[in-house]
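What follows is a single structure, written as structure tokens, with notes after it.
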There are 2 protein chains.
Amino acid sequence: MTDKKEVEGRYAYEGLDRVLHEKARLGIVTSLAARADGLLFTDLKNLCNLTDGNLSRHLTVLQEAGIIDIQKGFRGRRPQTLTRLTDGGRKRYLEYITVLESVLADAVDAAKVARRAKKVMPEGFSPA
Amino acid sequence: MTDKKEVEGRYAYEGLDRVLHEKARLGIVTSLAARADGLLFTDLKNLCNLTDGNLSRHLTVLQEAGIIDIQKGFRGRRPQTLTRLTDGGRKRYLEYITVLESVLADAVDAAKVARRAKKVMPEGFSPA
DNA sequence: CCTTTGGCTTTGCATGGGAAAGTAGTCGGC
DNA sequence: GCCGACTACTTTCCCATGCAAAGCCAAAGG
């Protein structure tokens, strides 16, 4: 049965964290999620194909959101920035990917349903 | 083995379609993906919890991107807008969710790895 | 020295999302 | 047959934000 009734806000995806739902930031955080020992600015730059300025900006955003922790130090005499996920950040990330999973589940369902649907005009609809 | 070597751009996610990778639009397109017979403006508004203006704007973006197809008509004497995924749009959406799947795979990997990693300072790193 | 390179930060711009206001036609009451 | 509320969108505006280019500073190197 093709039950037309759907829940309001069914596809609102309120849980999709704005800070994390972002190409660049998603890449950054995913890189970091795998490494409890963190990553250096330069590594991140290469892994995510970001420009310096870009990365800098996103790191600031993530830090201000409390998702990452930035430690400025030195390697020999050159400055080096070490970034890590905070515990809270990791939690938030996990929540985010949970929502993503449900989006994906919807998508897969949608793809399945689509294959057996037929294209019709809605009842009483007359084109302009 | 904790192989440090990673591919450049490993987490760049170039394939993450900007038009689709968007809370609101993602909801809209996912709603539409399940229904070959399309959805009305009002339905979409409710399903995605969007304001009229918001929805209108996103629909225009999606239409201009060739992802959806908008038909303006009437139901009785009231105007009604019917939106549908185009074939190209559906394809693009499927590509998008494929990328999403790989992101998710990365994320799950990351979560697994994290549990057995230990927090250490990088070799030769001295805090500021 | 004086330039180049490495490692970031800052600035500036242009896009782009979202709230609010606007438009246009409809329905219902009196 | 006018008036106000409503339905169905569209347009306008503003602010946040992504991204690139330029800037900054210390350290090598010729």
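The values are calculated or read from the model by the stated rules, or taken from the named source; none is laboratory data. Everything numeric in this text was worked out from a predicted model, so none of it was measured. Because the Cβ atoms are built from the backbone with ideal geometry, glycine has one as well, and the counts that use them run over all protein chains shown. SASA here: full protein model, heavy atoms, side chains in, ligands and nucleic acids out. Shrake-Rupley method; radii C 1.70, N 1.55, O 1.52, S 1.80 Å.
Computed over the protein assembly as shown, the alpha-carbon pair-distance distribution with 5 angstrom bins reads 1, 6, 12, 15, 16, 13, 10, 8, 7, 5, 4, 2, 1, 1, 0, 0, each value a whole percent.
The charge dipole of the range A:23-115, taken about the Cα centre with unit charges on the Cβ atoms of Lys, Arg (+1) and Asp, Glu (-1), comes to about 380 debye, rounded to the nearest 20. Distances between equivalent label points of A:Asp87 across the copies, with each point positioned 7 Å along Cα→Cβ, amount to 5.5 nm, shortest listed first. Relative to the longest principal Cα axis of chain B, at what angle does helix B:52-64 sit, 0 to 90 degrees, rounded to 10? In chain B, helix B:52-64 runs at an angle near 80 degrees to the longest axis. Rounded to the nearest 10 square angstrom, B:Val108 shows an accessible area of 60 square angstrom against a 1.4 Å probe.
Counting Cβ atoms of other protein chains within 10 Å of each residue's Cβ and taking the mean over peptide A:72-78 gives 3. Note that the range B:28-40 has calculated 3J(HN,Hα) couplings of 4, 5, 5, 4, 5, 4, 7, 10, 5, 7, x, 9, 8 Hz, one per residue in order, obtained from phi through the Karplus relation 6.51 cos²θ - 1.76 cosθ + 1.60 (θ = phi - 60°); glycine and proline are x. Quarter the surface of the alpha carbon convex hull of the range B:1-67 and you get the mean projected area, 7.0 square nanometres. Each Cα pair under 8 Å and six or more residues apart adds its sequence gap; the mean of these over the residue count of chain A is a relative contact order of 24 percent. Mean per-residue shielding of peptide B:7-20 is 4, counting Cβ atoms of other chains within 10 Å of each Cβ. With springs only between Cα atoms under 10 Å, which of B:Glu22, B:Glu14, B:Glu95 fluctuates most in a Gaussian network model of chain B? Among B:Glu22, B:Glu14, B:Glu95, the largest GNM mean-square fluctuation belongs to B:Glu14.
Remark: mean inter-chain Cβ contacts per residue of A:49-60 equal 1, using a 10 Å Cβ-Cβ cutoff to other protein chain atoms. Around the Cα centre of the protein assembly as shown, unit charges on the Cβ atoms of Lys, Arg, Asp and Glu (plus for the first two, minus for the last two) sum to a dipole of about 20 debye. Qualifying trypsin sites (Lys or Arg not before Pro) in the range A:29-128, where qualification requires a DSSP coil assignment and no more than 12 other C-beta atoms within 10 Å, comprise A:Arg77, A:Lys118, A:Lys119.
When a/c is below 1.5 the answer is rounded, else prolate if a/b is larger than b/c, else oblate, so apply that to chain B with a ≥ b ≥ c taken from the square roots of the Cα gyration tensor eigenvalues. Judged from the Cα gyration tensor, chain B comes out prolate (a/c at least 1.5, a/b above b/c).
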